[in-house]
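The values are calculated or read from the model by the stated rules, or taken from the named source; none is laboratory data. Only a predicted model underlies this, so the values are computations on that prediction, with no experimental measurement involved. Glycine also receives a Cβ, built like all others from the backbone with ideal geometry; neighbour counts cover every protein chain displayed. These accessible areas exclude ligands, DNA and RNA; they are computed on the full protein's heavy atoms, side chains included. Shrake-Rupley method; radii C 1.70, N 1.55, O 1.52, S 1.80 Å.
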Number of protein chains: 2
Amino acid sequence: MRTVTLDDVARRAGVSRATASRALNGSNRTVGAALRESVERAAAELGYEPNLPAQALARSAGNVVGLVVHDLADPYFAVIADAVTRAADRRGLVVMVGATGRDPEREIAYVAALRAQRVRAVLLVGSRTTGTSRRLRDEVDRYRGTGGRVACVGQDLLGVPTVAPANHEGARALAHALAGLGHRRFAILGGPPELITARERTSGFRDGLAEQGLPEPVVVAGAFDRDGGHAAAASLDLSAVSCLFAVNDVMAVGAVAALRERGIDVPGTLAVAGFDDIPSLRDLVPALTTVRLPLADMGERALELALDETAVSVQVPAEVILRDSTRRD
Amino acid sequence: MRTVTLDDVARRAGVSRATASRALNGSNRTVGAALRESVERAAAELGYEPNLPAQALARSAGNVVGLVVHDLADPYFAVIADAVTRAADRRGLVVMVGATGRDPEREIAYVAALRAQRVRAVLLVGSRTTGTSRRLRDEVDRYRGTGGRVACVGQDLLGVPTVAPANHEGARALAHALAGLGHRRFAILGGPPELITARERTSGFRDGLAEQGLPEPVVVAGAFDRDGGHAAAASLDLSAVSCLFAVNDVMAVGAVAALRERGIDVPGTLAVAGFDDIPSLRDLVPALTTVRLPLADMGERALELALDETAVSVQVPAEVILRDSTRRD
DNA sequence: TCATCCTGGGAAACCGCTTTCCATGCGCGC
DNA sequence: GCGCGCATGGAAAGCGGTTTCCCAGGATGA
């Protein structure tokens, strides 16, 4: 029940601990072929596995990265998290993950926890909020002050390299595309006002409409998830509105469900569009018009940004995808 | 850029490192009020955060658990992973996660990696396979031999406490329910034959049919994901079949999409059922008949099992949920 | 032939923290 | 007034590794 240490291996191979370390775990020093071989055999026989935290302590350089998301069960974050873990694995890194449940306090707490774990980098995935940024930023700075690397997926508000989706541009392009389909009166399920992603998409969409000379849309706030979309669409006055834009796909799904319950046909009576192009939603009926974000790429990019010393923020393009949910016959 | 250590704090407070440790990080020894207070102030002023890996090394007891899933982007695993991280957080634990991409070799590699990280427990989530169990089991045993705790979600094949969903029973009950709806000729999208979960659900369903005196269903293999369901349903000969059972929900979704492409009405011409009751699929049209598994609970239970010395495997019940995708007018 | 360099091995210091173990000063009962 | 136990502080020995430093011996160059 005791765990095998490097000393055990060294003793069995009849060498010093230093030699065993050099033979097994690499070093700029070379080890004689005979000894190296006997060390390796001893290690294999004992089933030795180096104690990585101890190794990290000695080398003062670990191989774990931290990942902080809002909600792992939300497919948006799930896809990104999956991409991050795979990319990390490819680089021989392992990832520690935390879900904040969209609570900014817990996000701060996680950064502190990851600093305590002495992770090499932390990835903050998800929209920034208008409020509490100050303390989060302090915590992030403290972490970076100790040599920790940080990257974001969302908005570049923390002064760290960020993968920033083209929320404004994408929503704006979507507005143009929908106007091109002949829609004139819109409603927006705008999500929580403090969520910057939600604001960006809302204002991008408004700007697009304005550029088309179309009237102001009605905007209604709500939670950023399926139930938020459902609730907002359930209570919305839709007379005179021909198209509904939900600021993300899962809200759009909730909205479509609510509309169905109200007996409103989509897209016949009301067109609906979302944002994100969540892969697992592609078989929805009617197929959802949306703005595609390269979610998996974004996760990988974020890891690269965090690791690369010279990285700077990047915008990732968003592409309008017209499907059946906004079809006009 | 240097990180603050306990020595720094001790020096600034004018006490020994031992006292600082006792004051900040707990101990069964008491520290005088005056000193304790000045240590705490020094720590706060310096922004000290204990080096957790070092602490774990000294205490030889860390606070990280490992989680190994097949595919984080798959909502089944995403929901479980989310539940695990929340439950871990509640207990002051942090989780290291790895996605194997359904490759048994990488699952083994992850267990080794987590052993090297000296995590306190590892959770293996996902169906066992018929093949490679041997080496995985060795690796698991080696880890347990060093005091590591292990739990599974899936099948109890590794000799560790397992959360085992009632796959056989659930599928059997589903078969009875569907037979009760008047269906007589069935097809099963059976997934990969080496996946035990897939086998259990297939055989449970067959048993249910047999008990009803119904003819043998046609069974077709395929991948365990959406595309697997799509491909299988696209090529299947469906004459004489009135109901299709896909061994999980995401396959069912793919199947429904393929059927739509073939111009086959669901449920009018063909009824479809799945398994799992993935929450994010609840707004599908037609709503999917399925067998509900308490996914989030299962994740939490698995963590409990891993941590509790006296834990034994548990079965979790599965509940048939009839919805529109098998409706008969 | 001899000083010199290089190679490969081990002893010991160190990474940051915990915990034993020892020392000190105090209040207590007698 | 004295021995004793107890509370509290510090020195030092780990935890499992890495790396600096020193040393022996053989190859090399002049």
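Worth a mention:
- When the residues B:Glu211, B:Glu304 are ordered by accessible surface, computed with a 1.4 Å probe over the protein chains alone, the sequence from largest down reads B:Glu211, B:Glu304.
- Helical mean residue ellipticity (222 nm; -39500 (n - 2.57) per DSSP H run of 4+; nearest 500) of chain A: -14000 deg cm²/dmol
- Coordinate range along principal axes, alpha carbons of the protein assembly as shown, Å, largest first: 77, 65, 50
- Charge dipole (debye, nearest 20) of the stretch B:247-309; +1 at Cβ of Lys and Arg, -1 at Cβ of Asp and Glu: 480
- Residues of the stretch A:315-329 with amide N under 17 Å of the 7 Å Cα→Cβ point at A:Arg260: A:324-327
- Compared with its chain on its own, the stretch A:109-142 contains the following residues whose accessible area drops by 10 Å² or more in the full protein assembly (probe 1.4 Å; ligands, DNA and RNA excluded): A:Tyr110, A:Ala112, A:Arg115, A:Ala116, A:Gln117, A:Arg118, A:Arg142.
- With contacts taken as Cα pairs under 8 Å at a separation of at least 6 residues, chain B carries a relative contact order of 15 percent.
- Normalised alpha carbon radius of gyration of chain A [divisor 2.2 N^0.38 Å]: 1.28
- Average Cα contact separation per residue, the stretch B:178-329, under 8 Å, 6 or more apart, as relative contact order %: 21
- This model, with +1 at the C-beta of Lys and Arg and -1 at the C-beta of Asp and Glu, gives the protein assembly as shown a dipole about its Cα centre of some 2140 debye.
- Distance cut-off 13 Å, percentage of C-alpha pairs in the stretch B:6-50 lying past it: 40
- Between B:Ala18 and B:Arg292, residue separation times 0.36 nm minus the direct Cα-Cα distance comes to 93.3 nm.
- Based on protein heavy atoms only, the protein assembly as shown ends up with 40 Å² per residue of surface accessible to a 1.4 Å probe.
- Buried solvent-accessible surface, both chains (A, B), 1.4 Å probe, Å² to nearest 100: 4600
- Burial order of peptide ranges B:274-282, B:138-146 (average beta-carbon count within 10 Å, highest first): B:274-282, B:138-146
- Label geometry 7 Å along the beta-carbon vector: B:Gly159 inter-copy distances in nm: 5.6
- B:Ala234-B:Glu211 FRET efficiency (beta carbon distance; Förster radius 35 Å; 0.05 resolution): 0.70
- Calculated over the stretch B:66-171: convex hull of Cα atoms, volume per residue (Å³): 104
- At 7 Å out from Cα toward Cβ: A:Asn25 inter-copy label distances (nm, ascending): 1.8
- On Cα atoms only, tilt of B:33-46 relative to the major axis of chain B in degrees: 60
- Accessible-area composition of the protein assembly as shown, carbon plus sulfur, in percent [1.4 Å probe]: 50
- In a DSSP loop and with at most 10 other Cβ atoms within 10 Å, the trypsin sites (Lys or Arg not before Pro) in the stretch B:15-107 are B:Arg29.
- For B:Asp7, the point set 7 Å out from Cα toward Cβ sits 2.1 nm from its twins in the other copies, listed from shortest up.
- Mean-position separation - Cα centroids, the stretch B:1-23 and the stretch A:173-201, in angstrom: 54
- Anisotropy class of the stretch A:95-148 from Cα gyration tensor, a/c 1.5 cut: oblate
- Summed residue charge, Cβ within 12 Å of A:Ala83's Cβ, Lys/Arg positive, Asp/Glu negative: -3
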